[in-house]
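Data first, discussion second: the structure below is written as C-alpha cells.
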C-alpha cells in the first residue's frame, strides 16, 4: 500500500477541473485522463495534525443547524477528509471518473467526540469494488485518529450506473427501512447548495445553480446529500450518545427550492430519521433521506 502525505488540504478547484476532463470527448480517452477500470488503487492519502478553524466551524454549524459546543459535530470531520477523497477519486487508478458517480450511502461511526482543541490525523482509501443490480459500487473509507486512537470513521458508498448487473453480496443496511412520518417542516431556499458549498468545498455544478445543474440532467440545483445527513443529525443533537454509528441512504435528490418534512421514530435503542418531500399529482411523497442511529 502506497501512502501519499499532504501537508495542507488539497485545493478543490483544480481537482474539479481534473474531475471534468474524463467527461470531455476525445480528451477523456487519453492516457493520464482515462480511468483504469477493474480494481481500486492500492494507495492511502493522509494529512496529519489537522486543527479546527473556529470561524469555519461556526459557519458550518450555521448552515447545518448544529449548536456550537466544545466538541465537533459528528459530520464535521468529513470537511477535513473531502479534499483527500476528491484527490483519490480524480486519480486515474480509481476505477470510475468522479463525474457521474452517485453518493448512494454513507456510514459514520463516532467512537468518541472530538474536542475543538484536539489535532487529528485523517487518512482516506478506497475498497470493496463490487456489483450492483444497476451498475457497480465502490467504498471510499476515511479514518480520523487522535494520538493514534481511531475516533471517527466514514464509509462513502458510491454508485456508478452501467457495466454491472450482479446482486450485492450483502444486504444494504437500510434496505426496506421506511422514513418516519415527518413532524417538522423545513423550507429550503434556492441558495442552500451554494452556502453549503462555501463551507464544504463541494462545488459540484449540480448544487450551484439551475443552469449548471441542467447541464448534468437535473431540472434545477439539488441539495448536498451530506447537508441532509448533517441537518437531520443536528435536529436530534441533544438525543445522541457520545459513541454511535449512523447509516444514511440518499434515495432521491432534493430539488431546490423545496419544502420537506423531517421525522424521527424509536426503533428499540436505535433512532430512525427521515426527510421526505410532498405528495404531488396523486403520487406518494418522495423519500429523500433515511438514516438510523445505533449506539456503540
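The table that follows gives values for the structure above.
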read-out: Segment 192-214, residues that are closer than 19 Å to residue 84 by Cα and modelled with pLDDT of 95 or more; value: 196, 197, 198, 199, 200
read-out: Output for segment 153-194, where each listed residue is crowded, with 17+ Cβ neighbours inside 10 Å and over 21 Å from the mean Cα position of the chain (by Cα); value: 164, 180, 182
read-out: Residues being over 18 Å from residue 163 (Cα atoms) and in contact (Cβ under 8 Å) with a residue 24 or more places away in the chain - total across segment 29-41; value: 3
read-out: Any strands (runs of 3 or more DSSP E) falling wholly within segment 1-114 and containing at least 2 residues that are within 18 Å of the chain's Cα centre (by Cα); value: 102-110
read-out: Residue that is within 25 Å of residue 64 (Cα to Cα) and in the same structural domain as residue 47 (by TED's automatic domain parsing), where the choices are 202, 139; value: 139
read-out: Hits in segment 268-296 (condition: on the phi < 0 side of the Ramachandran plot and either free of Cβ contacts under 8 Å to residues at least 12 places away in the same chain or more than 24 Å from the chain's Cα centre (by Cα) (or both)); value: 269, 279, 280, 283, 284
read-out: Complete set of residues in segment 117-135 that are surrounded by 16 or more Cβ atoms within 10 Å (Cβ to Cβ) and out of contact with any strand residue (DSSP E or B) (no Cβ under 8 Å at 6 or more places or on another chain); value: none
read-out: Of all residues making up segment 1-16, the number that are surrounded by 14 or more Cβ atoms within 10 Å (Cβ to Cβ) and out of contact with any strand residue (DSSP E or B) (no Cβ under 6 Å at 6 or more places or on another chain); value: 5
read-out: Residue count, segment 137-151 (criterion: surrounded by 22 or more Cβ atoms within 10 Å (Cβ to Cβ) and over 18 Å from residue 103 (Cβ atoms)); value: 1
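Yes/no matrix, rows are residues, columns are (1) in contact with a strand residue (DSSP E or B) (Cβ under 8 Å, 6 or more places away or on another chain); (2) at positive phi; (3) touching a residue at least 60 places away in the same chain (Cβ under 8 Å):
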position: 18; (1), (2), (3): no, no, yes
position: 21; (1), (2), (3): no, no, no
position: 90; (1), (2), (3): no, no, yes
position: 95; (1), (2), (3): yes, no, yes
position: 115; (1), (2), (3): yes, no, no
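Conditions (1) part of a loop (DSSP other than H, G, I, E, B); (2) out of contact with any helix residue (DSSP H, G or I) (no Cβ under 6 Å at 6 or more places or on another chain), marked per residue:
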| position | (1), (2) |
| --- | --- |
| 190 | yes, yes |
| 196 | no, no |
| 199 | no, no |
| 212 | no, no |
| 233 | no, yes |
| 242 | yes, yes |
| 245 | no, yes |
| 252 | yes, yes |
| 261 | no, yes |
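The values are calculated or read from the model by the stated rules, or taken from the named source; none is laboratory data. This structure is a prediction, so every number in the text was calculated from the model and none was measured. Cβ sites come from the backbone with ideal geometry, for glycine too, and all protein chains shown count toward neighbours.
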